[in-house]
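Enquirer: Please read through the structure below; I'll follow up with questions.
The values are calculated or read from the model by the stated rules, or taken from the named source; none is laboratory data. Not measured: the values here are computed from a predicted model. Here the Cβ is made from the backbone with ideal geometry for all residues, glycine too, and neighbour counts use every protein chain on show.
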Amino acid sequence: MQQITLIKELRAVLDAQRAQGRRLAFVPTMGNLHAGHIRLVEDARQHGDVVVCSIFVNPLQFGRNEDLDSYPRTLDADMVQLRAARCDVLFTPTASEMYPQGLEAQTIVSVPGVSERHCGASRPGHFDGVATVVSKLFNMVQPQTALFGLKDYQQFQVISHMVADLCMPITLVGVATQREHTGLALSSRNGYLSAQEKVRAVALYQSLLQAGSSLQQGDSIAGVEAQAALQLAAAGFRLDYFSVCHAATLEPASPQDRALVILAAAWMGKTRLIDNLLVTLPLL
Ligand code: PAF
């Protein structure tokens, strides 16, 4: 695996690969890799001859009071895992390589609609930061395919809209959420949880499963959301949102909608966790 920190060098290496007709599959990450990321890297092999991964803790997508400084940086351990997963090229730029004019002077990519509710409302500017860094990385790597985890379902929709709106010639692949045996979705932020919090955090996925089966049984959306709020509070969560949405627009679902996603975010102590569940209801 070749580690590269400069954009110029990355372009030279990847241009040479493209010149030989090799297809590039790209997995952008912020590091602190877990089995969910490694699954993306392994799946990337099915989509490309050269697997490119990036690790960059993107300051533009963190709010003022968020965990940018404490976000876990574990490059050595990440590289061991990436080598084992047969990543070919690892791009690890510095913040000044990515944002040479500083964050204030950076052109911003902003995706209306799907970015506005849920995490977009709770974390102002977050999706602008994600869309901006992902579009920069796409321009640097120029992959045929890019893979993202569906745990960040709203992020995947934001990036999908960006790619369509800006006519980027890139196929996006969303990979199913990887979970612990308890059902807890793998996340770099799980490392912030105490052992006791981790046990209680399982309630997030359980509340999604419960809500999904209640919707299948014909319960009302409002009733299902209210029930989940009670269930999460009882487990010790402070709810941010628990929302049954149209799976493509992420607007609140109407009773006629059949393809749904339930999006949830909640605080367990000082840790904000997100998760989601896709639900397809039978035709009316
Ligand atoms: O999902 C992530 O890790 C990040 O939001 C991403 C897509 C790498 C952009 O910084």
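Enquirer: Which ones in the stretch 147-174 are small (Gly, Ala, Ser), closer than 14 Å to residue 112 by Cα and either at pLDDT below 95 or under 16 Å from the mean Cα position of the chain (by Cα) (or both)? Outline the logic, then answer.
Expert: The initial filter retains those residues of the stretch 147-174 that are small (Gly, Ala, Ser), namely 149, 160, 164, 174.
From what's left, closer than 14 Å to residue 112 by Cα: 160, 164.
The one that is small (Gly, Ala, Ser), closer than 14 Å to residue 112 by Cα and either at pLDDT below 95 or under 16 Å from the mean Cα position of the chain (by Cα) (or both): 160.
Enquirer: Also, I was wondering about something else. Taking the stretch 86-113 on its own, how many of its residues are within 23 Å of residue 43 (Cβ to Cβ) and either outside any loop (DSSP other than H, G, I, E, B) or within 16 Å of the ligand (Cβ to nearest atom) (or both)?
Expert: Residues that pass the stated criteria total 5.
Enquirer: Taking interchain pairs and intrachain pairs at least six residues apart, which have beta carbon atoms under 8 angstrom, with the first residue in the stretch 129-143 and farther than 14 Å from residue 95 by Cα and part of a loop (DSSP other than H, G, I, E, B) and the second aromatic (Phe, Trp, Tyr) and more than 7 Å from the ligand (Cβ to nearest atom)?
Expert: Cβ pairs passing all conditions: 143/26.
Enquirer: Kindly evaluate residue 137 against the criterion of being under 24 Å from residue 234 (Cβ atoms) and aliphatic (A, V, I, L, M). Can you show your working first?
Expert: On the way: under 24 Å from residue 234 (Cβ atoms): no; aliphatic (A, V, I, L, M): yes.
So residue 137 fails the test.
Enquirer: What's the number of the only condition in (1) small (Gly, Ala, Ser); (2) under 21 Å from residue 176 (Cα atoms); (3) surrounded by fewer than 19 Cβ atoms within 10 Å (Cβ to Cβ); (4) without any contact (Cβ under 8 Å) to a residue 60 or more places away in the chain that residue 35 fails to meet?
Expert: Evaluating residue 35 over (1) small (Gly, Ala, Ser); (2) under 21 Å from residue 176 (Cα atoms); (3) surrounded by fewer than 19 Cβ atoms within 10 Å (Cβ to Cβ); (4) without any contact (Cβ under 8 Å) to a residue 60 or more places away in the chain leaves (4) as the failure.
Enquirer: Anything in the stretch 20-69 that is more than 12 Å from the ligand (Cβ to nearest atom) and outside any loop (DSSP other than H, G, I, E, B)? List them, or say none. If you could, list the steps in order and put the result at the bottom.
Expert: Here is the first cut: in the stretch 20-69, the residues more than 12 Å from the ligand (Cβ to nearest atom) are 20-25, 35, 38-39, 41-52, 63-67, 69.
Listed by number, the residues that qualify are 24, 25, 35, 38, 39, 41, 42, 43, 44, 50, 51, 52.
Enquirer: Only one residue in 248, 265 is away from the ligand (no atom under 16 Å from the Cβ) and either of a type outside the set (Phe, Trp, Tyr) or over 30 Å from residue 41 (Cα atoms) (or both), so which one is that?
Expert: Numbers: 265 fails: away from the ligand (no atom under 16 Å from the Cβ).
One residue alone meets the criteria, 248.
Enquirer: For the stretch 141-171, give me each residue that is among the hydrophobic types (A, V, I, L, M, F, W, C) and within 13 Å of the ligand (Cβ to nearest atom). Give the steps one after another, and end with the answer.
Expert: If we filter the stretch 141-171 for residues that are among the hydrophobic types (A, V, I, L, M, F, W, C), which is where we start, we get 141, 146-148, 150, 156, 158-159, 162-164, 166-168, 170.
The answer is 141, 146, 147, 148, 150, 156, 158, 159, 162, 163.
Enquirer: Within the stretch 8-29, which residues are surrounded by fewer than 18 Cβ atoms within 10 Å (Cβ to Cβ) and in contact (Cβ under 8 Å) with a residue 60 or more places away in the chain?
Expert: Across the stretch 8-29, the qualifying residues are 11, 13, 18, 23.
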